[in-house]
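Report on one structure; see the data block that follows.
Every number in this text was worked out from the coordinates using simple rules, so none of it is lab data. Keep in mind it's a predicted model, so treat the numbers as computed, not measured. Cβ sites come from the backbone with ideal geometry, for glycine too, and all protein chains shown count toward neighbours.
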Amino acid sequence: MHEISPNHPRYQSLILREKMAKAYQEGILADTALIAHGRGEAFDYILGEKTNPPAIEAIKTGISAMLLAENPIISVNGNTAVLSAEDIVDLARLIPAAIEINLFYRTPQRVEKIERLLKEAGAKKVLGKEGDDYVPIPGLEGPRSRAHPEGINRADVVLVPLEDGDRAQSLVASGKKVITIDLNPLSRTAQTASITIVDNVVRAMPLMIKELKKLKHCSRKQLTEIVNEYDNNKNISKTLDIIYHHFKQDVQS
Ligand code: ATP
Ligand code: MG
């Protein structure tokens, strides 16, 4: 691995890229995870590599929904575990919410490595481990359809960063409130979710923890108002406007 100078204009992005490449070499990530990351990088670039106001609004609503939930859960895939293990564990502890491993390209080795990553970050309990019970998510097939009976299966609110579109659709269809973090506002996941945070997980997760510390003092009535006032389609449109203006300005200047 080569030295990246902190003065490099793409420093943060390159650091994340190296982290992902290393995790791939260690067998934590599938090769397709790197492709998904690259797609994320492209969207992050056109979003200005910063958290935009609609994302803040979605974060506030997502945290309110998690605080109101009876059985909230955080579904973790490889990319999220590699990029945000400590924040996932902190958020899960503070809500409190369960953590479940949920991999698209599931192998026993990868599941064990991701479990280890989460445990090293301080997770006490992780669901979706190798050998754990599971029930199928209706409408899906194969390893992608797994839901832990005490986890995603009975959850009412699911935070699923970087989810696949099919699975997001199935979770919504089974009556769950789905909160996603996805840099692509046009992905099926982003379009299907109940609350879409269009931001990089590495920026969104710390902001979620910060927001949680403020919102946990609110009454259920106040939290319910935040959730009820939120309109996900409008929020995504605001992000698309930001992207549109970003391109327009660049063309004019
Ligand atoms: P969908 O299945 O929802 O239609 P897709 O097939 O286009 O989406 P996937 O490969 O299934 O995309 O999932 C990767 C998604 O995760 C992409 O939308 C990508 O923009 C997003 N993504 C990648 N890295 C990050 C990141 N660090 N933070 C947030 N989102 C990310
Ligand atoms: Mg997909």
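Some points to look at:
- Computed about its Cα centre, the charge dipole of the chain is approximately 440 debye, with only Lys, Arg, Asp and Glu carrying charge at their Cβ.
- ³J(HN,Hα) computed for each position of region 107-119 - Karplus, 6.51 cos²θ - 1.76 cosθ + 1.60, integer Hz, glycine/proline x: 10, x, 5, 5, 4, 5, 5, 6, 4, 4, 4, 5, 5
- Residue-wise HN-Hα couplings along region 49-61, as the Karplus relation 6.51 cos²θ - 1.76 cosθ + 1.60 with θ = phi - 60° gives them from phi, are 6, 9, 7, 8, x, x, 5, 4, 5, 5, 4, 4, 5 Hz; Gly and Pro carry x.
- Dipole of the chain, positive direction: furthest Cα of Leu83, Gln25, Pro72, with charges on the beta-carbon: Pro72
- Long-range amide H partners of Ile181 with built H, under 5 Å: Val160, Leu162, Glu163, Ile197
- Net length gained if the chain between His246 and Lys210 were fully extended (0.36 nm per residue, minus Cα distance): 10.2 nm
- A crude spin-label estimate for the pair Lys119 and Ser219, with each label 7 Å from Cα along the Cβ direction, gives 4.5 nm.
- Estimated 222 nm signal from helices in the chain, with DSSP H stretches of n ≥ 4 weighted -39500 (n - 2.57), rounded to 500: -17500 deg cm²/dmol
- Take the Cα of Glu86, step 7 Å toward its Cβ, do the same at Ile4, and the gap between the two points is 1.7 nm.
- Difference of contour (0.36 nm per residue) and Cα-Cα distance, Ile35 to Thr107: 24.1 nm
- Residue order, fewest to most beta carbons within 10 Å, for Arg17, Arg203: Arg17, Arg203
- Charging the Cβ of each Asp and Glu at -1 and of each Lys and Arg at +1, and nothing else, the dipole of region 1-126 about its Cα centre rounds to 160 debye.
- Annotation: lysines with alpha-carbon distance below 19 angstrom to Lys214 (same-chain offsets under eight excluded): Lys60.
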